[in-house]
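The values are calculated or read from the model by the stated rules, or taken from the named source; none is laboratory data. Treat the numbers as computed from the prediction; the structure is a model and nothing was measured. For neighbour counting, all protein chains shown are included, and Cβ atoms are generated from backbone atoms with ideal geometry for every residue, glycine included. Each accessible area value is taken on the protein alone, full model and side chains, heavy atoms only, with ligands, DNA and RNA left out. Shrake-Rupley method; radii C 1.70, N 1.55, O 1.52, S 1.80 Å.
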Amino acid sequence: MTDPSVQTDSPADALTIKLPAGFDVLAADEALSAGITEALDQVEEQLLEALTTDDELTNTSARYLAEAGGKRIRPLLTVLTAQLFDGVNAEVRQAAAVMEMIHLATLYHDDVMDSAPLRRGTPSAHEVWGNSVAILTGDLILSRASRMMAELSQEGARVQSHTFERLVMGQLHETVGPQGSEDAYKHYLSVIADKTGSLVAAAARLGAHFGGAEGAQTQLLHDYGEAVGIAFQLADDIIDLAADGEASGKTPGTDLREGVPTLPVLLLRGAAAQGDEAARDALTLVDGDLSSDEALAEAVSAVVAHPVTERAWEVARSWSARAKEAIADLPDSTVKQALNSFADAVVDREG
Ligand code: FPP
Ligand code: MG
């Protein structure tokens, strides 16, 4: 997913992480925001260390995407949810680094599957080293992430392996599409819950868990993360159409060209089936040959111009609202306010 913009300042040499849109509210509590920034700097160091190998090729390829930038949303959520309880400790930091490593590993694999030319504004790993090295680099990162979580606790390893299974099943179900009489919309929602909601949920849950929360409280944070992740991916899919490549660091229209059905296109098919002429015209372009950049741009413009795009934003906003509901019963705090504004920010962005 394309996260609300936080950028690392050349992570290798300047580690101070800037908090992304939605977390500005933390600035009101200087001690809290200093603690979070310090924890994230430590997580960043741990992350880069974990991506370092003796092997010359993988040392470069494994650090490549982390060093290309990224927003570190998952580690931030882990650190933040720990602050709702007893605060950040070494286990929270290690779990936060593992969350980012799993995210990175999925990106190496996903860009191969999507034939995506760009990631984080730079050529995707498979463009640089070829598919096999990109896939194996993802595997290497995952194996290190698994070892690090195994060092932490059995519960951490359980959450991680369950999340891994959901990531794989989400990506698999996206790849094969709805089967038989399966409803396309339900299928799409289950795909994004699995491929994105699962890891954001794990990030929020494990911060609470290693930060000292009880079982029922970890579940609240899990539900928050799952809904935020879904809102996030819905927004990402809309932005895939609407964004300029510079803002998102990716190539606009990639999903359309790859035939990945996203919410605006699903809604377009529904509208066309009900006799909407503009939807039918847009679908003729979407289902046509999109190999040329001109044809892709024309199809993208037709979808963006149709009201389905605004309806897709409304669905994304409803998931953001669900995320806030999940934590409504937590006592008020600056961290809770930050989680609420983050839920707002994921559906209020351009890239
Ligand atoms: C990005 O979706 C893809 C994911 C969030 C999940 C990827 C999952 C896998 C590759 C399977 C599991 C693999 C591992 C290594 C655990 P997208 O293509 O819609 O987002 P994008 O626009 O950022 O590319
Ligand atoms: Mg992709």
Of these, Ala150, Ala134, Ala145, which one is assigned to a helix (DSSP H, G or I), away from ligand 1 (no atom under 15 Å from the Cβ) and either aliphatic (A, V, I, L, M) or more than 30 Å from Ala338 (Cβ to Cβ) (or both)?
-> Ala150
Failed condition for Ser248, given (1) at pLDDT 90 or above; (2) closer than 20 Å to Lys71 by Cβ; (3) open to solvent by less than 30 Å² (accessible area, probe 1.4 Å) | (1)
Within region 59-81, tally of residues that are more than 20 Å from the chain's Cα centre (by Cα) and open to solvent by less than 10 Å² (accessible area, probe 1.4 Å) | 1
Somewhere in region 266-288, is a residue open to solvent by 10 Å² or more (accessible area, probe 1.4 Å), within 25 Å of the chain's Cα centre (by Cα) and within 16 Å of ligand 1 (Cβ to nearest atom)?
-> yes
Among the residues of region 207-222, is any within 16 Å of the chain's Cα centre (by Cα), crowded, with 23+ Cβ neighbours inside 10 Å and either modelled with pLDDT of 90 or more or more than 19 Å from Trp313 (Cβ to Cβ) (or both)?
-> yes
Among helices (runs of 4 or more DSSP H) entirely inside region 28-105, those with 1 or more residues being under 20 Å from Met149 (Cβ atoms) and without any contact (Cβ under 8 Å) to a residue 60 or more places away in the chain are 30-50, 56-67
If you go through region 108-122 one residue at a time, do you hit one that is touching a residue at least 40 places away in the same chain (Cβ under 8 Å), assigned to a loop (DSSP other than H, G, I, E, B) and near ligand 1 (Cβ under 9 Å from one of its atoms)?
-> yes
If you check Ala297 against the conditions, is it open to solvent by 40 Å² or more (accessible area, probe 1.4 Å), over 23 Å from the mean Cα position of the chain (by Cα), of a type outside the set (Asp, Glu) and modelled with pLDDT under 90?
-> yes
Taking the residues in region 175-205 that are of a type outside the set (Val, Ile, Thr) and near ligand 1 (Cβ under 8 Å from one of its atoms) as candidates, determine which candidate is nearest to Met113 (Cα to Cα).
-> Lys195
Take the residues in region 158-177 that are over 29 Å from Phe85 (Cβ atoms), part of a helix (DSSP H, G or I) and touching a residue at least 60 places away in the same chain (Cβ under 8 Å), then tell me which one is farthest from ligand 2 (Cβ to nearest atom).
-> Thr175
Positions within region 178-195 being within 16 Å of ligand 2 (Cβ to nearest atom) and open to solvent by 10 Å² or more (accessible area, probe 1.4 Å), in sequence order | Tyr188, Asp194, Lys195
Search result, residues across region 108-157 that are away from ligand 2 (no atom under 16 Å from the Cβ) and touching an Asp or Glu at 6+ places or on another chain (Cβ under 6 Å) = Leu152
